[in-house]
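Trainee: First, the structure itself, so that you have it in front of you.
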Amino acid sequence: MSRKWKYAFGAEEAARTAPAVFLADVARKAEELVRAAEALYLHGPAHQQTDPKGGDVNVPGGMFTYQIIVRSERLYVVQITYLGF
């Protein structure tokens, strides 16, 4: 399968300044979400309905916001927030 996740919009810029440990946690959670979407939407390119609502995920030190685009089999991390605690 070609399902992947990637940073979009300003999240890519914010990722350049965030600590590596925080980014590793973001990547781990994003990969989990990709696997869940893969199980839920088996035939991604043939999906005819609207895309599911994205969400916010808490990770140690902050959070990120994501959006799933089923037809392109991608999960986009659209915002990351590093709080430093």
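Trainee: Any residue in region 38-56 that is aromatic (Phe, Trp, Tyr), assigned to a strand (DSSP E or B), more than 14 Å from LEU83 (Cβ to Cβ) and touching a residue at least 12 places away in the same chain (Cβ under 8 Å)?
Mentor: Within region 38-56, the first condition is being aromatic (Phe, Trp, Tyr), and the residues that meet it are 41.
Then keep just the ones that are assigned to a strand (DSSP E or B); that gives none.
No, the conditions are met nowhere in region 38-56.
Trainee: Tell me yes or no: at least one residue of region 3-22 is at pLDDT below 80, surrounded by 11 or more Cβ atoms within 10 Å (Cβ to Cβ) and more than 24 Å from TYR82 (Cβ to Cβ).
Mentor: Scanning region 3-22, I find at least one residue that is at pLDDT below 80, surrounded by 11 or more Cβ atoms within 10 Å (Cβ to Cβ) and more than 24 Å from TYR82 (Cβ to Cβ), so the answer is yes.
Trainee: What number of residues within region 28-85 satisfy the criterion of being within 22 Å of ARG16 (Cα to Cα), crowded, with 16+ Cβ neighbours inside 10 Å and among the aromatic types (Phe, Trp, Tyr)?
Mentor: Number of matching residues: 4.
Trainee: Under 7 Å between Cβ atoms, at least 6 apart or on separate chains: pull out the pairs that start in region 1-26 with a residue that is on the phi < 0 side of the Ramachandran plot and end on any residue that is surrounded by 13 or more Cβ atoms within 10 Å (Cβ to Cβ) and of a type in the set (S, T, N, Q).
Mentor: GLY10/GLN79; ALA11/GLN79
The values are calculated or read from the model by the stated rules, or taken from the named source; none is laboratory data. These figures come from a predicted structure and were not determined experimentally. Note that each Cβ is placed from the backbone with ideal geometry, even for glycine, and that neighbours are counted across all protein chains shown.
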